[in-house]
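Student: Sharing a structure with you now.
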Amino acid sequence: MRQVQVLVDCIGIDRLLTYRVPDELTIKVGDILTVPLGERYVGAIAINFDDSFDSLRLEYELKNVYAIVNTGLFPPDYWQVLNLTANYYRTSLIQTVKAALPPNLLDQSSYRIRVNHEQKGDSKLGTAAQIVWNFIQEHQKPLTRRYIYQKLPKQAASGLRSLMSLGYISTYLEPPHRPQPKFENIVVLIESDPEKITSRQKEILFTLQQAGGELTQPELIAKAKTTIPSLKNLAQKGLIVITSRECLRLGGKTHFVESDRPKNLTADQAHALASIQSEFNQSVTILLHGVTGSGKTEVYLQAIAPILEMGKSALVLVPEIGLTPQLTDRFRARFGDRKVNLYHSKLSDGERFDTWRQMLDGSSQILIGTRSAVFAPLHNLGIIILDEEHDSSFKQDQPQPCYHARTVAEWRSQLSECPLVLGSATPSSDVLYAVSTDQDVKYLTLPERIGNKQMPKIKVVDMREELQSANWSIFSRELQAAIAEMQAQKKQGILFIHRRGYSTFVSCRSCGYVMNCPRCDVSLSYHQESKDHEMLRCHYCNYAESKSKACPSCGSPYFKHFGSGTQKVEQELAKLFPDLKIMRFDSDTTRNKDQHRHLLEKFQAGGADLLVGTQMLTKGIDIPQVTLVGVVSADGLLNFSDYRAGERAFQILTQVAGRAGRGAEIGEVIIQTYTPEHPVIQAVQNYNGDAFMRSELEARTELNYPPIGQMALIRLNSENSDLVQSIAIALSEHLRTQTKLWDVLGAAPATITKVNNRFRWQILLKFHPQNLIHIPTLDELKEWINSVFPTNSSDVRLAIDIDPLTIL
Ligand code: ADP
Ligand code: ZN
Ligand code: ZN
């Protein structure tokens, strides 16, 4: 009798469970199964076979595997990547598998509760039943039993039992929404010119013959204007065969692109390409540092071509597919649709499922995808390219594991023995640090724009002077003049606004002074704790002081909490420039698939004068006629309560500036700020990122911040603010007294203290990278909380984020 060890999809069970394999099932490692667990059936993955397992010595009987759901979803050495990820990110293997797989594959049937409306008697309900009943009534749709248990852990069991026996409710089993392969009928011609058939039937066979002897059934019915019974009739005569064949749903290729040919490379490009090619067949990380518009993408394209010729595949990771239609189009234009597949979250579940499965046959291809595509099951990988390496969307915030695609890509490059190329105009501190210390990271540079185009000229406007000159507008006189000029010359521009809601710092409008934490070198955050009690707090160490009315540095009364949102900017623009056509480009206007493309195409066709938007404007927009780029306020970027604020601000401002002057004319960039002397502003203005990043790294060395030291962020949240506070503080004390392997900062309330009515606290661990293996796993943290707060630990949600990028 065979036994299989499986990983079950059940919170809290991370060890392997053993099941018997019934004779009629042939199970392989990696198959997705359904297995019984307690009263339920759950999803599971076959991990290995253990035939030596002595079931006779067990006190209970092993249960049988119930069914195989999907088979062969992983290439052979794939588990190593998942194990590395689970370990490093201190997350269970099953949660890691779920993050890697296409969505919903492990979904199981769930019990749902239905209200029996005709049964509403007047029976007096017990307390628990009443609470559950009210809860069910508040929701208009059938709830799962699991959800009720989660939300009402104390009342669910007895309440549901009592409501059921009174006939108020009943349960039913809802099947899972797992993606399934899609099949279609194919009609194949067997005999084209038989005797004794009608002329109508001849026509059908002729249509089929014209189409090469094979068509899908719906196509044939449409083309030959026939019906299913007529086709069945022909099949009975043996003249055609109707078979079912799987049709793959491969998304994102509806839009047509012209094909193109490789360009003659510039000397710098040629050198970069040759260096990359000399590393084929080895695991090495290469940083391609090229200014915006320097031709990095062309280098990727030409590096990939020989990989495909070798019959291998290429993985191309990009920040957000929707934001980079121009990039995916260039790959499709160069290599054709058949060789290029896309994988990202805007595809349907079916499309992701099919795109995943077609990779498993090992056919040579290019897969372009976002963060989660780093888990794509490509075997024979020949190269991995991670474009815009500095972009924070490569980091997963939630759910666990909070992985960084760059880190996972490094492991894949090692396991596949292929190069990993990181491209950026503004490389991250992490990669620059690796270059400066690690012999394995190769550095390549493209220092100039293609065609000797100049970088745009960057002007910095001091908003303190505007205030002194009694200009109260959010637009400086210079930016107003530049917009007017742009409009007069019928050119186009981009206006960048910092995302709202995150600027919680307090600064002086007269002198630019910003309140910082004396211990952590990050800006303090503003909290209105009651009507006339304004506090400033550090979200790393919980240092606090009350806010003074006047600026501590110059005494000015203009000492305020900062922030100006999109709406205000739009209103003011409309007032100053009534004829200016404005188009908004942010997450509200670009929610749907392809909306980015449509908006950009519309803008490019002259549909607006000014594109106004947030962070999204920094990515992959290459519009030649944009000559003006304005930054309404750089201060919101500079004064994040976060040690990476400076680095991020430099990257965003440089990338936004890089949108200007990509065409024939030189671009102009205007940055408004209250602190023009800030090193970030200086570095952006003078295109002096290298020196800036060196001094950043020096400053971080002093405080042992990453990438020199390492960090882990433990995030806790709950609807109960007292509870989450006491658990966070208790946990931080426990972690502090437990060992000297790490420094504990906090517990402190998060910068954004409340989201969706849940109060957020956090604990920051700082440690030497070699101690990562000692950091507790998520399950260990949960266990500790459970043991200390046994009654209400389930009201607090917990996450652990290794190498957090934002500490909000
Ligand atoms: P990056 O990815 O560094 O921003 P791109 O690859 O998008 O730069 O190149 C910028 C522009 O220059 C694109 O329009 C591209 O087609 C063009 N280009 C790139 N390399 C060459 C080349 N060798 N000769 C001519 N044009 C090129
Ligand atoms: Zn001041
Ligand atoms: Zn602090």
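The values are calculated or read from the model by the stated rules, or taken from the named source; none is laboratory data. Quantities reported herein were computed from a predicted structural model and do not represent experimental measurements. Using ideal geometry, Cβ is built from the backbone for each residue, glycine included, and neighbour counts are taken over all protein chains shown. With ligands, DNA and RNA removed, areas are computed over all heavy atoms of the protein, side chains included. Shrake-Rupley method; radii C 1.70, N 1.55, O 1.52, S 1.80 Å.
Student: Grab the Cα-Cα distance for S199 and H533, subtract it from 0.36 nm times how many residues apart they are, and report the gain in nm with one decimal.
Tutor: Here the answer is 111.1 nm.
Student: For region 237-372, restrict the atom set to alpha-carbon positions and state the Rg and Dmax in Å.
Tutor: 17.5, 68
Student: While we're on this one: Quick check: pseudo-label points 7 Å beyond the Cα along Cα→Cβ at S469 and M1, how many nm apart are they?
Tutor: Label-label distance for S469 and M1, simple model: 8.8 nm.
Student: If ligands, DNA and RNA are left out, what is the accessible area of K575 with a 1.4 Å probe, given in Å² to the nearest 10?
Tutor: 150 Å²
Student: How much length, in nm to one decimal, is gained on full extension between Y111 and Q358, taken as 0.36 nm per residue of separation minus their Cα-Cα distance?
Tutor: So the extension gain works out to 85.6 nm.
Student: S523: net charge of surrounding residues, Cβ under 11 Å, Lys/Arg +1, Asp/Glu -1, itself excluded?
Tutor: Its environment carries a net charge of -2.
Student: Checking the table K740/K782; K28/K63; K312/K602; K296/K581; K98/K619 against a 26 Å threshold on Cα-Cα, which pairs fail?
Tutor: In this structure, K312/K602; K296/K581; K98/K619 lie more than 26 Å apart at Cα.
Student: When the solvent-accessible surface of protein heavy atoms is calculated with a 1.4 angstrom probe, in what order do K560, K141 fall, highest first?
Tutor: If we order K560, K141 from most to least accessible, we get K141, K560.
Student: Provide the descending list of Cα extents for the chain along its principal axes, expressed in whole angstroms.
Tutor: Between the extreme Cα coordinates on each principal axis of the chain lie 95, 71, 60 Å.
Student: Oh, and also: Cβ neighbours within 10 Å, averaged per peptide: list 784-796, 755-767 in order, most packed at the top.
Tutor: Descending packing order for the listed peptides: 755-767, 784-796.
Student: Put a dot 7 Å past each Cα toward the Cβ at E191 and N757; how far apart are the dots in nm?
Tutor: So the label points at N757 and E191 sit 7.3 nm apart.
Student: Round to a whole number: what % of the accessible area of the chain belongs to carbon and sulfur, probe 1.4 Å?
Tutor: The value for the chain is 48 percent carbon and sulfur by accessible area.
Student: In nm, give the distance between the simple-model label positions of D337 and Q454, each being 7 Å from the Cα along the Cα-to-Cβ direction.
Tutor: 4.4 nm
Student: No partner Cβ under 4.7 angstrom, meaning no disulfide-compatible partner by this rule: which Cys of the chain qualify?
Tutor: Flagged as lacking a Cys partner: C10, C247, C402, C418, C541.
Student: Something else now. Tell me whether region 675-759 comes out rounded, prolate or oblate; compute the Cα gyration tensor, take square roots of the eigenvalues as a ≥ b ≥ c, and use a/c under 1.5 as the rounded threshold.
Tutor: oblate
Student: With unit charges on the beta carbon (Lys/Arg positive, Asp/Glu negative), name the residue among F375, S436, A484 whose Cα is farthest towards the positive pole of the charge dipole of region 360-496.
Tutor: Value computed over the given set: A484.
Student: Go through 65-72, 256-263 and give me the packing order, highest mean Cβ count within 10 Å leading.
Tutor: Ranking, from highest mean packing down: 65-72, 256-263.
Student: Is there a quick way to get the dipole size of region 183-337? I mean about its Cα centre, with the Cβ of Lys and Arg at +1 and of Asp and Glu at -1; what is the value in debye to the nearest 20?
Tutor: 440 debye
Student: Accessible area per residue, 1.4 Å probe, Å², for the chain: what's the number?
Tutor: Accessible area per residue, the chain: 46 Å².
Student: So what does the Cα-only Debye profile of region 325-406 read at q = 0.11, 0.15, 0.16 Å⁻¹, as log10 I(q)/I(0), no solvent term?
Tutor: -0.31, -0.58, -0.66
Student: Quick check on region 424-560: what does the Kirkwood estimate of hydrodynamic radius come out to from the alpha carbon pairs, in Å?
Tutor: 19.6 Å
Student: What is the magnitude of the charge dipole of the chain about its Cα centre, with +1 placed on the Cβ of each Lys and Arg, -1 on the Cβ of each Asp and Glu, and no other charges, expressed in debye to the nearest 20?
Tutor: 1800 debye
Student: Turning to a different aspect of this structure: Going by accessible area, probe 1.4 Å, with all protein chains left in place, what is the ranking of E39, E320, E219, largest first?
Tutor: Sorted descending by solvent-accessible area, the residues read E39, E219, E320.
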